[in-house]
Structure formats: structure tokens, C-alpha cells
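The values are calculated or read from the model by the stated rules, or taken from the named source; none is laboratory data. All of these numbers come straight from a predicted model, not from anything done at the bench. Glycine also receives a Cβ, built like all others from the backbone with ideal geometry; neighbour counts cover every protein chain displayed. Side chains included, ligands, DNA and RNA excluded: accessible areas come from the protein's heavy atoms. Shrake-Rupley method; radii C 1.70, N 1.55, O 1.52, S 1.80 Å.
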Amino acid sequence: MAAVSAVLGGLGGALLAYVMIGPSVTKENDSNKEYDASQPPFTVSVRPERSEPNEWAMVLDRTLTDEEVRKMKASPDVFSYLTSLGGRPLAYAPFLEHAPQRYKEAQTSSGRMEFSDTFRMTVMSTRQYAVTINDWKVTDLTCRKSTTQAVIGRPPQGGVAYEGIRLHLPPRADEPVLTDDTEGQGEPYFDNRFVEVGNGQSSGGLRAEVIAPRGQTCEWGVQVHYNDTHRPEGRWVRLKDDQGEPLRIRTESVPENPRQSWVFGPVPWTPCHDKPEGNLCSLL
């Protein structure tokens, strides 16, 4: 009987401990969820793409002196030299050859090359549970005439698309679209893709090619739609900068009638401001 009593006593103690642990664990889980929900779902940083593209144009807010032109033509690294003078790089936007026909027609409708002002967006989260960004839209778009005075271009000799997204300002139907050289190129990016952070994945991101109207400089903001455990129905939010102010992204293009313009690379240095019919000048 003593042995039976000991066994029953042990079982009773274990059952009591289990009964006490159950509410404790539930309370702790609820507390963790409340803390998780109190944290920002994500933070975002945006930085311009400043590495040298294969085909590019450099824009400056002033003309080059004769001495600077001489050094530019003699430089083994024209991209770095022009950057040191305050130049801002743009990339020739690759033709999305695998895109739907409607998008390919839109790419060629102007009869001129398009230039993208490219940036990388990094999304970070410390959330315990996953946060999924599944849509975005441009907001508060303003554009003005470009003040660029000079443009130097290294035109394409072919070219391949990069991974990421592309949109025009103002966005065309279905943008942003996928740029990857794969199935789905030119299709709405967020139809079948998303950016997920949290749940042990601290960061994710996108490379964005943004194309402003020729001859204009634009500023704009971004709203994104996200879902998480705490808000499964989703929510639209305006992205903010590191100061807590609405994020503003600056995007520019080549000027309509620059005072100075050159092309080089596939052809000898050609001053298109003096010889507008020169080789490849039509690609600026």
C-alpha cells in the first residue's frame, strides 16, 4: 500500500506540475506575441546602385572644361573619372525580350533608348513571426525639368537583363514587373512573388530599375502592402526613412537637349553636340 501511495503521490505531483505549466506556457506565448506585435514589422533602407553597369550614361549638372574633356578621353577608367567630377550614373535599360508582347511594344514605342536610375532596397525585420510584403505602389510623384548640362554615354553592344524589378514614372499597367531573364519576365512582380522577412530571416531585398520621363527629374514615395500573423488581412503602409519621415526617392533621366554630349566605347569618342548625326548619337 505504501508503494501504491508513493506512486499515486508521484503521479499527482506530475499532474499538478503539468496543470501549472500549461497556463504558464500559454501566458508566456501570449506575452511573446504581444511583444512581437509591438515591434515594427520591418524597416527599409534604400541606396543608389553606384557600381559600373556594362552600358551606362553619366549625367552632370555642368559642362566639362577643355582640360576635363582631355582627361576624360585619356582616362583608362572613364566611369570613375566622371564620378569624381560629380557625375551620376544611369544604366541603359536592357530590352526584356521574353516579356509579353504588349510590354515589348511599350519598350520600343518611343523609338529611343530608355535609361534606368537603379537602387537597391533592403528590408529588415526582428519579428519572431514572418512578415510578407506582397504589393507596392508609387505615391506622391512629382517631376520637374532636368538641370543636367552634360551627358556621356557608353552605349550597349547587346546586353542581358538583371534580376529585380522595373517600373516607369508614372508606372505603366502591371508595374513593377519582373526583369529576371526567366519565365515571368515582364509580368507583374507581385502576382507570384513576395519579399519575406522575420521568422529567423533578418533581411530581404529588391533591385529596382526606375525609368523617369526623358528630360525630367522625379521624386516619389512608396507604399507597400504586407501581411503577418498579427494582421492576416494585410495593411498598406507608407515607407519612411531613418529619420521617421516619409521616404522620398529621387530618379532622373538623360536631358532632352544637353549642352554637351559624347558617346564612346563601341565607337571612337564622338561629340554629339557638334555631330548629332554621328555614330550611335541616336542612342543618347
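Okay, here's what the table says:
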| read-out | value |
| --- | --- |
| Neighbours by Cβ (under 6 Å, 6+ apart or cross-chain): first from region 181-195, at positive phi; second of a type in the set (A, V, I, L, M) and open to solvent by less than 90 Å² (accessible area, probe 1.4 Å) | GLY184/LEU178; GLY186/LEU96; GLY186/ALA99; GLY186/VAL177 |
| Residue satisfying all of: in region 148-176; of a type in the set (A, V, I, L, M, F, W, C) and at pLDDT 95 or above; farthest from the chain's Cα centre (by Cα) among these | ALA150 |
| In region 71-92, residue least open to solvent (accessible area, probe 1.4 Å) [restricted to those that are outside any helix (DSSP H, G or I) and over 17 Å from PRO255 (Cβ atoms)] | SER75 |
| Residue count, region 128-147 (criterion: crowded, with 21+ Cβ neighbours inside 10 Å and either polar (S, T, N, Q) or at pLDDT below 90 (or both)) | 1 |
